[in-house]
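Structure, as structure tokens:
Every number here is computed from the coordinates shown, using simple stated rules; none is lab data. Quick caveat: nothing in here was measured; it's all calculated off a predicted structure. We place every Cβ from the backbone using ideal geometry, glycine too, and count neighbours over all the protein chains shown.
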């Protein structure tokens, strides 16, 4: 095995193909099922493609918004995703995205079995090579072998992935085996939680460039990998400014709105505790989302005697969220560092609230201070400080005119920082600078 690992990939492929053919001649002839035809995919006009683990996804609105705006700005490119997330929450995806994504085989192992002796030999050879370099990625061999000839056929020279995970690692091996260059956008837990420094070092070292969502995360990554500082860039996630607007006066009683997955780092338990402190104030609080902690949150509401005042309402579509924001009095997201080290970086929903002219109460976590200006567009408190959270909410509940002015200033900040036409233009400039677009 040691000798095999030291050999070049093409030599391993050649040896394994010979072995496969020799073995197959001893068996009864079986007609192999050819791999699916991709003749319908047109050439990639810019030599560029997107590669996702899953696309589109309810919890990753920033991904499909970016892709949609790239299309709006006149670019055309193929989109590949490893799987379609089934049973995802309802979403209002842009119509022009429909039918643009090519998905990997749903059962890629079955595809391998039907792909013929030469293809199976190539996969086995690649697995040996991957195991010798980066053992945890042995399974990437099947994905690389499936997508590589497709990308080569349609002229893709550069792929861009989102998250420092499976898609980025597949892109890494595409570069190693076929010379197809790549870049990726890292978001939050994909590099903060259980971050393997060697894993990130390899990913960043082979990437043409890396996009981070905030200055905070750029500095975090550059501190750990100073030799790659020049290839790490910040591009904020953007949204369409006319998508979230205030359509009517704030509701009565005042509505506190919070939106996010029902997971630890969103701080919903802290919000419920803050609402318990404010129990005698006139308000209603809606917590929108989905996740494993839903039943625990409902129990917490009942235990605090807040039934009818704090509502765990489940997931909503983007249209429904826009409608809720249009009449919200306050938006709150009590972000915190989770027990596994996970934390939010640039919560998209805060940008949505700011765009809808809603004042925001949040915490000093990661890139949130780059969004919310304390005392001008809302308030920031220390994570986990339920008393400070309650105090900030009380100030806005008792001073509605202050809340309105903060919301208006928040929209101005959103216009200057998070207009998606500008953020995607910045992204395109990086693609052009590094030769990702021809």
Taking 0.36 nm per intervening residue step and subtracting the Cα-Cα distance, what contour gain separates residue 279 from residue 263 on full extension? 3.4 nm
Using a simple spin-label model with points 7 Å from Cα along the Cα→Cβ vector, what separation in nm is obtained for residue 299 and residue 374? 3.5
Could you check the spin-label model distance between residue 429 and residue 227? Points 7 Å from the Cα along Cα→Cβ, value in nm. 2.9
Evaluate the stretch 255-417: find the radius of gyration of its Cα atoms, find its Kirkwood radius, and give the ratio Rg to Rh. 0.93
Exposure proxy check: 77, 216 ranked by fewest other beta carbons within 10 Å? 216, 77
FRET efficiency for residue 438 and residue 245 from the Cβ-Cβ distance with R0 = 41 Å, rounded to 0.05, comes out at 0.60
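Order these by the 10 Å Cβ neighbour count, fewest first: 391, 57. If you can, show how the numbers build up before the last one.
Details: 391 16, 57 19.
Starting with the residue having the fewest Cβ neighbours, the order is 391, 57.
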Neighbour counts of other C-beta atoms within 10 Å: give me 107, 419 arranged from fewest to most. 107, 419
Mind giving me the nanometre distance, one decimal, between the label points for residue 153 and residue 96, set 7 Å out from Cα along Cα→Cβ? 2.7
Between residue 417 and residue 83, what FRET efficiency comes out of the Förster formula 1/(1 + (r/R0)^6) with R0 = 35 Å and r the beta carbon distance, rounded to 0.05? 0.60
The stretch 187-237 - Kirkwood radius from inverse mean 1/r over Cα pairs (Å): 10.9
The stretch 160-219 to the stretch 298-358: how many Å between their Cα centroids? 29
